[in-house]
1. Pop a pseudo-label 7 angstrom from the Cα along the beta-carbon direction at both residue 548 and residue 513 and give the gap in nm to one decimal.
2. Treating the beta-carbon of each Lys and Arg as +1 and of each Asp and Glu as -1, no other charges, what is the dipole magnitude of segment 257-327 about its Cα centre, to the nearest 20 debye?
3. Whole-Hz Karplus ³J(HN,Hα) for segment 202-208, in order, using 6.51 cos²θ - 1.76 cosθ + 1.60 and θ = phi - 60°, x for Gly and Pro?
4. Mind checking which of 341, 276, 325 is farthest towards the positive end of segment 257-356's charge dipole, using Cβ charges of +1 (Lys, Arg) and -1 (Asp, Glu) about the Cα centre?
5. Report relative contact order for segment 508-606 in percent, whole number only (criteria: Cα-Cα under 8 Å, sequence separation at least 6).
6. If packing is taken as the average count of other Cβ atoms within 10 Å, what order do 409-420, 256-267, 568-579 fall into, highest mean first?
7. Within segment 188-207, find all residues whose amide N lies under 20 Å from a label point positioned 7 Å from the Cα of residue 304 along Cα-to-beta-carbon.
8. Sort 481-487, 342-348 by the packing proxy (mean of other Cβ within 10 Å over each peptide's residues), most packed first.
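The values are calculated or read from the model by the stated rules, or taken from the named source; none is laboratory data. The structure presented is a predicted model; accordingly, all values stated were derived computationally and were not measured. Please note: Cβ atoms are built from the backbone with ideal geometry, for glycine as well, and neighbour counts cover all protein chains shown. In case anyone asks, the SASA skips ligands and DNA or RNA and just uses the protein heavy atoms, side chains included. Shrake-Rupley method; radii C 1.70, N 1.55, O 1.52, S 1.80 Å.
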Amino acid sequence: MKTMPLAGLAAAMALGAHAQQASPAPTLAFAPLDAIVVTAARTPQKASEALRDVTVITREAIDRAGPISLAELLQREALVEFRGTGGAGQPAGLFLRGANAGHTLVLVDGLRVSSATVGTTSIENLPLDMIERIEVVKGPLSSLYGPDAIGGVVQIFTRASAKPRFFATGAYGTDADRMASAGFTTTERDTTLSFAAGARKVDAPSATNARAWCHDPDRDRYESAFANAQVVTRPWPGETITLSGFVSEGKARFDGCPDAQGRFADDRNEQTLAGARLSSFMFFAPWWSSRFTLGEGRDELRIEGSEPLRFETRQTQASWVNEFGTKVGTAMAGLETVRQQVLSGVAFTKTRRDTNSAFVGFNETWRGQRLEVSLRRDDDDQFGSRNTGTASYGVPVPGAGYLTATVGRGFRAPTFYDLYAPASDFYVPNPDLRPEKSRSRELGLRGEPFAGWQARVAAYDHRIDDLITYVYPTMQNVRRARIRGAEAAVEGTAWWGVRVKASLAVQRPRDEDTGYRLQGRAQRFGRVEASRAFGKWSVAAGVTASGERFDSPDESPAMRLPGYAIADARLSWAAAKGWRVELAATNLLDKRYEHVIGYDAPRRGVLLSVRFEAP
């Protein structure tokens, strides 16, 4: 809905308001045993040894997802809430452990590609066919990644491989949903090249319903295309150079308001996300390695129709991270700089911001116990210096599993829209805003494997001060939030070879001043899934459920969103070597529900896909 200048930014803003070898710890549920993750500590480590709450979503899990978005995949696989304004290609924001959408840092191949104007990433235009795997780390990570990582980090890795391969996928489904993608990896001596590309077209129903402020019952078609490439070469022993880039473009129609004659314009958002990165990894000595990275992320939004507008932001970023092995553990030291620029058809009073950072980290393991500590100092050319820190400790508990504890502090700087956007009848920017601040505590337990089952549970208490809130006609630091909750997950093999996965979150996300629940958050949500293989065939079914939410900051009964439960199912057939045919259905019972008042969530969808992959 775009009814006045800057409303595209206003809608996005609303979504936001809303070495010593370690002794192996118990295996992390839902992650491969030997999975190497880099997001939790900013250096490579086994998922089973990470002290933070890490979920790894593999390409195999993405292939099984069916016709869903990235936000819906994160909800299924990583217990992440989201708030979406319709179906394919419509804006969505992530809530990690109840934090605002702007409190989650989304990285693509290590690059920030968010909009500096509103502070969130357009995840609706990151297609699943472009993704090789995803790492989700919940909890405070500002001491490693700086601003925007109060709630956690979602890092997306684009399609690439270390070994030669070829893959291709074609799919057709409900609402004339057509998808195709292909890619390859080839090697020549010490150089590896990976490339992938794909496209999608879907004649989606109207994103809005009769409860919306403006509702046009026409269909809101969505088109997208992507391409990504990566070159890895080893020019001489001890150094690896990586050059990578991606571009993803989405075109989504949306419902604007009619003119004086009652006619609707053909309103459309065209969004481009792109990034390029050059990285050099040097192995100087057995006790010293170094990685230097230079890159740029770009977000461009073009609004066409009754009120054409254009917004573009670029983030130039560089980092130098060194890792040192010592007699007592591993130390890390790094420098980082980010320059955010706004290039827009709308005049912002300031269009550039530089943040220079230094950080250190240390981890030590002794007698099965593990300690990880990180400290960071960010120097912003407007807000001055900010210090953040995180400490995590893990200890084995005989007969129970591995107990972890984390404490951390973080912050988030106001966005360009908060500070410098052009004034209008409904909005005046506030250049005197202060950064938001957070304090977090977490406890986790990874249970010891028992009879083929693995479980984990985590409890957390997050406090956020100086929350930036719209108070007509400007933004102010007037709110405090406290989010307490617990998450649990279990996975194992039940009777007759049936594989079961279940997860549940119970939380209390509150405005500390009013006592009301934070907008768009449920107090309970979760998922259960069962699957079984029969030779070349496999079947799976699952249910994703959420309790009631309120689409307002005051729990207004008129803005209550009822709870929902939606079912999905999948049938897969390994037809021949390298070939697989899958039939996937989402929202199987065609449940009608909303994440935002006036915007329908996707209804029943069925997708038939054919995949081929050769090593």
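1. 2.6
2. The calculated dipole for segment 257-327 is roughly 560 debye.
3. 9, 8, 5, x, 4, 5, 9
4. So the residue we want is 325.
5. On the way: 205 pairs, mean separation 20.4, N = 99.
Averaging sequence separation for qualifying contacts and normalising by length gives 21 percent for segment 508-606.
6. Numbers: 409-420: 24.4, 256-267: 12.7, 568-579: 15.2.
Going by the mean number of other Cβ atoms within 10 Å, highest first, we get 409-420, 568-579, 256-267.
7. 199-207
8. Values: 481-487: 18.7, 342-348: 15.6.
So the order, starting with the most tightly packed, is 481-487, 342-348.
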